[in-house]
Amino acid sequence: MVNRTVANKRPMTMPVGHKTVVIQHSPWSEETDLGLMPRIVAGNKSAFTELARRHMPGMLSFARRYVQPGEAEDIVQEALTRVWLKAGQWQDRGASPRSWLMRIVYNLSMDSLRRQPKLAEQPSDELIATGNGPEQNYEQDIKQQQLAQAMKALPERQRSAIMLTVYQAMTNREAAEILEVSVDALESLLSRGRRGLKQNISQQRGES
């Protein structure tokens, strides 16, 4: 049975652009995503706040790989608004709550790119923050730039498959749900994407 008593914890703060959003701890912190969704459908705001607290960082990180940071924040806010207003549609889609959230972010990002077709590759904090010395950091920056350019040269679906499974640590099934393809098709995208990355990086280095 889930403990509904709110522990004496400080509110969570999350930087969003130039503002800091304060997300209060809720009595739903031990509930699963699947357990939260019926409450959100019923209009429970604290359950919705808990779902947003869990997934907003990943949603922002994913959106920033397609659009500029400021626009990524707008996309995430729009995605969360849609979840709140249309929570009842989640069951009809047959996807996990996390996959549904990320699919909304993905679709909104694609809509934005179609309006302004220029991919804004954002460097990965996890890859850049190595803690190495200046020379090692320089080499790491070069490798990161090569990887970013190689990713940018991939077809969009292959790039998205890699982003979801590698950078967002999603399972193949979750990534397939977001891209609305079968698992077999997702695995094919990953295989072609990995080969494409190797080829693109080799071309940058002048390798045959």
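The values are calculated or read from the model by the stated rules, or taken from the named source; none is laboratory data. Predicted, not measured: the structure shown is a model, and the values here were computed from it. When we count neighbours, we look across all protein chains shown, and the Cβ atoms used for this are built from the backbone with ideal geometry, even at glycine.
One table, with the values for the structure above:
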{"quantity": "Scope the range 188-208; condition buried (at least 18 other Cβ atoms within 10 Å of the Cβ) and among the charged types (D, E, K, R); matching residues", "calculated": "none"}
{"quantity": "Helices (runs of 4 or more DSSP H) contained entirely in the range 34-111, each with at least 2 residues that are polar (S, T, N, Q)", "calculated": "45-63, 69-85"}
{"quantity": "Within the range 179-208, considering residues that are without any contact (Cβ under 8 Å) to a residue 40 or more places away in the chain and β-branched (Val, Ile, Thr), the one nearest to residue 152 (Cα to Cα)", "calculated": "181"}
{"quantity": "Filter result for residue 68 (closer than 29 Å to residue 115 by Cα and free of Cβ contacts under 8 Å to residues at least 40 places away in the same chain)", "calculated": "no"}
{"quantity": "Residue in the range 121-144 that is surrounded by fewer than 18 Cβ atoms within 10 Å (Cβ to Cβ) and modelled with pLDDT of 75 or more present", "calculated": "no"}
{"quantity": "Residue satisfying condition, being in contact with a Gly (Cβ under 9 Å, 6 or more places away or on another chain) and either at pLDDT below 90 or surrounded by fewer than 19 Cβ atoms within 10 Å (Cβ to Cβ) (or both), within set 161, 185, 148, 153", "calculated": "153"}
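A quick yes/no check of all residues on (1) over 14 Å from the mean Cα position of the chain (by Cα); (2) modelled with pLDDT of 95 or more; (3) over 21 Å from residue 152 (Cα atoms):
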residue	(1), (2), (3)
33	yes, no, yes
39	yes, no, yes
43	yes, no, yes
49	yes, no, yes
58	no, no, no
62	no, no, no
66	no, no, no
78	yes, yes, yes
83	yes, no, yes
